[in-house]
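Report on one structure; see the data block that follows.
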Amino acid sequence: MKKQSIAVFASGTGTNALRIIDHFRAAEDIAVELLVCNKADAPVVEKVRERGIEVIVMDNEAFESGLTLLQELDYRAVDWIVLAGFLRKIPVNIIRGYHNRIINIHPSLLPKFGGKGMYGMHVHRAVIEAREKQTGISIHFVNEEFDKGELLAQYTVDLEDADTPEEVARKVQELEHRYFPYIVEQVIKQQTP
Ligand code: GRF
């Protein structure tokens, strides 16, 4: 397999971004080469720099045009984009340029609790309000319709009546850390000759 290069996009704490970086550290044919972040003071920025990986911080205006970013990705020959808690909508030219090469994780069982405004604790609160017995994670390709790209994998976890949003978040995060890097690896390997 030709060596594959990943750019991880993240906006906040970056626990998933770090898991992915660490997962591929010893890999021979897949490497995380770049982190793209839209907030200079996001905790993920420092943590990723400490690991010796290049970080591009792009303000929202520059990001929205998509042009500079596409050039940056092109220049570094990035093959895959992994969205790990990235809170901006991906510009359409990037979605088209990376057709079936952008992988996102969503902290619910899509199509439930997806779409606009459904991120972070908003998702877990909505899950509790709907008295769901289970929740989970969805890993999917990104297309032009928000949270509606082809599903690649889902994992579920049982909920208890007494679960708080924080407890649901903890359960979901555990699934994310356990499965996301592994599914990213599987998808890249399946799709690369
Ligand atoms: C995760 O729950 C992910 O599903 C969502 O954003 C969160 C990011 O968390 N898209 P972290 O920054 O990786 O800790």
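Just so you know, all these numbers are worked out from the coordinates, no wet-lab data involved. Given the structure is predicted, the values throughout are model-derived calculations rather than measurements. Counting neighbours? That spans all protein chains shown, and the Cβs are built from the backbone with ideal geometry, glycine included.
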- Log10 I(q)/I(0) at q = 0.19 Å⁻¹ for the range 10-92, from Debye over equal alpha-carbon scatterers, is -0.83
- Message: For the chain, take the longest principal axis of its alpha carbons; what is the angle in degrees between that and the long axis of helix 120-129, to the nearest 10 within 0 to 90?
- Response: 20
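Only four residue types carry charge here, +1 at the Cβ of Lys and Arg and -1 at the Cβ of Asp and Glu. Report the dipole size of the range 42-193 about the Cα centre in Debye, rounded to the nearest 20. The partial results should precede the final answer.
Numbers: 18 positive and 24 negative charges, 49 e Å.
For the range 42-193, the charge dipole is close to 240 debye.
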- Amide H contacts under 5 Å for residue 54, restricted to residues at least 5 apart in sequence or on another chain and with H modeled in the peptide plane, are 35
- Item | Top of 171, 133, 39 by mean-square fluctuation, Gaussian network on the chain, Cα under 10 Å | 133
- Note on the structure: Residues meeting the amide H criterion for residue 153 (H placed from the backbone, H to H distance under 5 Å, 5 or more places apart or on another chain) are 139
- Which three lengths, in whole Å and largest first, does the chain cover when its Cα atoms are put on their principal axes? 50, 36, 32
- Query: Which whole-angstrom value gives the distance between the alpha carbon centres of the range 46-85 and the range 118-167?
  - Reply: 26
- Note on the structure: Note, the range 46-61: 3J(HN,Hα) by Karplus (6.51, -1.76, 1.60, θ = phi - 60°), whole Hz, Gly/Pro = x, goes 5, 4, 6, 4, 4, 8, x, 9, 5, 10, 10, 9, 10, 6, 4, 5
- Task: Place a label point 7 angstrom from the Cα of residue 148 along the Cα-to-Cβ direction, then list the residues of the range 105-124 whose backbone nitrogen is under 12 Å away.
- Result: 115-116
- Ranked highest first by the average count of other Cβ atoms within 10 Å around their residues, in what order do 79-89, 175-185 fall? 79-89, 175-185
- Under a straight-distance cross-link criterion of Cα-Cα below 12 Å, which aspartates and glutamates are reachable from residue 133, leaving out those fewer than 8 residues away in the same chain? 158, 160, 161, 163
